[in-house]
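> What follows is a single structure, and I will ask about it in a moment.
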Amino acid sequence: MKRATPRVPLVEREEVAPGARAAYDHVARSRGGEMPNVFKALANSPAALERIAAVGEFIRFQSRLDPVLRELVILTVARETRCAYEWAHHWEIAQRIGVAPALLAAVGTDGIETEPDPIGPAVRFARLVARAQAVDDGTFAAVETALGKAGVVELTVAVGYYGLLGRLLNTLDVPLEPGVSARPLPGGRPDADEG
């Protein structure tokens with residue numbers, strides 16, 4: 001059951017110790033100038049905020065992963081962790097960058113894993129890693145062939161990062177920001193009670 005308030009405060013800039021404000025400001029700037037609630041929750045531990053957000057900044061803005069592939073992988077992880085917050089945010093991002101509606105509709109179905117390389121194998125890889133299941137040699141080889149050694153490492157980091165955020169968001173009951181529309185998770189209820 002979704003709580004009325006998050007389990008930890010959503011820390012605003014003026015509540016951050018002066019020595020931690022530079023990191024808080026950097027995270028907000030890197031995310032378009034507004035501090036998302038997930039990072040406000042993380043700001044209860046400024047050191048965790050700085051380090052965890054840096055990994056996300058790398059994956060979102062500096063990695064070699066194709067943006068369409070990246071968003072399909074993130075949505076796959078959000079579905080696997082049942083994280084409605086992550087699902088809502090990255091659905092919007094996916095639409096904004098032009099992910100085909102048919103691909104968006106296929107996330108969470110067997111069909112998306114039959115998409116041509118690199119999408120099908122990368123999404124299968126993400127699903128298996130998010131479920132803590134072994135990645136079979138064929139899937140690993142297909143991802144490595146399509147993305148290279150650096151790409152397979154960055155894909156694994158992306159799945160780990162968004163798995164961490166999904167579990168953090170769900171555990172701390174972090175709400176969506178005003179203006180962000182909840183979206184039903186595939187196979188889930190039509191509300192945001194799941195995260």
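Readers should treat all values here as calculations from the given coordinates under stated rules, not as data from a laboratory. Since the model is a prediction, treat every value here as computed from it, not as a measurement. Every residue, glycine among them, receives a Cβ derived from its backbone with ideal geometry; neighbour counts consider all protein chains shown.
> Please report, in whole Å³, the volume per residue of the convex hull around the C-alpha atoms of the stretch 77-131.
Cα convex hull per residue, to the nearest whole number: 75 Å³.
> How tilted is helix 46-61 with respect to the longest principal axis of the chain? Cα atoms for both, answer in degrees (0 to 90, nearest 10).
Computed tilt is about 40 degrees.
> Based on the Cβ-Cβ distance of A150 and L104, what FRET efficiency does E = 1/(1 + (r/R0)^6) give at R0 = 30 Å, to the nearest 0.05?
Calculated value: 0.65.
> Can you give the charge dipole size of the chain about its Cα centre, rounded to the nearest 20 debye, using +1 on the beta carbon of Lys and Arg and -1 on the beta carbon of Asp and Glu?
Dipole about the Cα centre, nearest 20: 340 debye.
> Still on this model: If you fit an axis through the alpha-carbon atoms of helix 84-97 and take the longest principal axis of the Cα set of the chain, what angle between them do you get, 0 to 90°, nearest 10?
70
> Hey, what D do you get for the stretch 92-159 in µm²/s if you plug the Kirkwood alpha-carbon radius into Stokes-Einstein at 20 °C and 1.002 mPa s?
For these conditions, the coefficient is 172 µm²/s.
> Now, a different point. Given N residues in the stretch 13-172, what is its alpha carbon radius of gyration divided by 2.2 N^0.38 Å?
Its radius of gyration relative to the 2.2 N^0.38 Å reference: 1.06.
> Just add up the charged neighbours of R21: K/R +1, D/E -1, any other residue whose Cβ is under 13 Å from the Cβ of R21.
Once positives and negatives cancel, what remains is -3.
> Roughly how tilted is helix 119-130, in degrees to the nearest 10 and between 0 and 90, from the longest Cα axis of the chain?
50
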